[in-house]
Amino acid sequence: MLSLYRAPTTATLPSKATDAPKESEPPASDGASLAASSTVHCAIAALALIRAKRDAQTASHPEVIRHLENPYHPTGGLVILFGNLAPEGAVVKASAVAPEMLKHQGPARVFESEEGALRAILAKDIAKGAVIIIRYEGPKGGPGMREMLAPTSAIAGIGMDKVVSLITDGRFSGGTRGAAIGHVSPEAAEGGPIAIVRDGDTIAIDIPSRTLRLSLTEEEIQQRLNNWRRPEPKIKSGYMYRYAQMVTSASTGAVFRKE
């Protein structure tokens, strides 16, 4: 009867260079290599299918799914404005601004808080063409830079989003519409020019030209700044007080300054 036992074998290294596999011999294929190759081919095929569907949809609905050569708008939705009212910049969602408000000039109506502005808006105590200023709502002044969604929603609610502008050192939510300009830097609590705007001052907004200007000379602005006094903080103890003391401008991300 044949035995099923086989003596173990031991692997040995090639004793001569001639014992090594010849360069002309193709390497043995393994399952991992075949799987990787198959995955790559499947991915390429899937990408080609996606592109074909996209091109078909674009051809069928070019006004909805657009080619890069035919964008919905020539620029992005957000625009940064600079000028003597915002030396370090301000932000506006230009895509949500009515065409007739892309350029606007009007008298300032100044409020020291969101609540004060909201009361006036709801009472319809805002003149057509006004530029509403809400200040001391930035990182330091808030403190915390809360969003100004209530005033902008109220302006739209009373049908004035196409006849007035709003400027603040606070911020807005993604749902804001109208000529709402936020993140004005430096903020009022840091002594930025927005702190010295007075009722009736003329403010010129030119979103296509990326400018935001207060119609005063540099000498007049500097004189007002020299007479400006920082108001008492809204919170005088605890973590929020510490935050207000250490936070930096919105233009630098409103992060804590390094000691």
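Under the condition of being part of a loop (DSSP other than H, G, I, E, B), surrounded by fewer than 18 Cβ atoms within 10 Å (Cβ to Cβ) and touching a residue at least 60 places away in the same chain (Cβ under 8 Å), the residues counted in region 65-107 number 3.
Quick check: is even one residue across region 184-195 over 20 Å from Glu115 (Cβ atoms) and among the charged types (D, E, K, R)?
Yes; the residues of region 184-195 include at least one that is over 20 Å from Glu115 (Cβ atoms) and among the charged types (D, E, K, R).
Within region 39-61, if we keep just the residues that are modelled with pLDDT under 75 and open to solvent by less than 60 Å² (accessible area, probe 1.4 Å), the residue that is nearest to Leu212 (Cα to Cα) turns out to be Thr58.
Looking at Asp161, is it touching a residue at least 24 places away in the same chain (Cβ under 8 Å), in contact with a Gly (Cβ under 6 Å, 6 or more places away or on another chain) and either assigned to a loop (DSSP other than H, G, I, E, B) or closer than 17 Å to Asn84 by Cα (or both)? Spell out the reasoning first.
Numbers: touching a residue at least 24 places away in the same chain (Cβ under 8 Å): yes; in contact with a Gly (Cβ under 6 Å, 6 or more places away or on another chain): yes; either assigned to a loop (DSSP other than H, G, I, E, B) or closer than 17 Å to Asn84 by Cα (or both): yes.
Yes; evaluated as a whole, the condition is true for this residue.
Of all residue pairs spaced 6 or more apart or on separate chains, those with beta-carbon atoms under 8 Å, a first member in region 241-259 that is more than 18 Å from Pro231 (Cβ to Cβ) and modelled with pLDDT of 85 or more and a second member that is of a type in the set (Lys, Arg) and open to solvent by 70 Å² or more (accessible area, probe 1.4 Å) are Met246/Arg257; Thr248/Arg257; Ala250/Arg171. Per the conditions (1) open to solvent by 20 Å² or more (accessible area, probe 1.4 Å); (2) closer than 15 Å to Glu187 by Cβ; (3) among the acidic types (Asp, Glu); (4) under 23 Å from the mean Cα position of the chain (by Cα), the sole criterion not satisfied by Glu112 is (4).
Residues of region 181-215 that are in contact with a Lys or Arg (Cβ under 8 Å, 6 or more places away or on another chain), at negative phi, open to solvent by 10 Å² or more (accessible area, probe 1.4 Å) and part of a strand (DSSP E or B): Ala204, Asp206.
Of all the numbered requirements in (1) under 21 Å from the mean Cα position of the chain (by Cα); (2) open to solvent by less than 70 Å² (accessible area, probe 1.4 Å), Thr252 misses one, and that requirement is (2). Residue count for region 121-139 satisfying the condition of being in a loop (DSSP other than H, G, I, E, B), over 20 Å from the mean Cα position of the chain (by Cα) and crowded, with 17+ Cβ neighbours inside 10 Å: 4. Taken over region 159-176, the residue count meeting the criterion of being open to solvent by 50 Å² or more (accessible area, probe 1.4 Å) and farther than 16 Å from Glu137 by Cβ is 4.
Scanning region 216-239 for residues that are touching a residue at least 24 places away in the same chain (Cβ under 8 Å) and open to solvent by less than 70 Å² (accessible area, probe 1.4 Å) returns Leu216, Ile221, Arg224, Leu225, Trp228, Pro231, Pro233, Ile235.
Scan region 65-101 for residues that are hydroxyl-bearing (Ser, Thr, Tyr) and either farther than 30 Å from Asp55 by Cα or within 16 Å of the chain's Cα centre (by Cα) (or both) and report the count. Break it down stepwise before answering.
Going residue by residue through region 65-101, those that are hydroxyl-bearing (Ser, Thr, Tyr) are 72, 75, 95.
Narrowing further to those that are either farther than 30 Å from Asp55 by Cα or within 16 Å of the chain's Cα centre (by Cα) (or both): 75, 95.
Residues that pass the stated criteria total 2.
The values are calculated or read from the model by the stated rules, or taken from the named source; none is laboratory data. Not measured: the values here are computed from a predicted model. Using ideal geometry, Cβ is built from the backbone for each residue, glycine included, and neighbour counts are taken over all protein chains shown. Quick note on the areas: whole protein, heavy atoms, side chains included, nothing else; ligands and nucleic acids left out. Shrake-Rupley method; radii C 1.70, N 1.55, O 1.52, S 1.80 Å.
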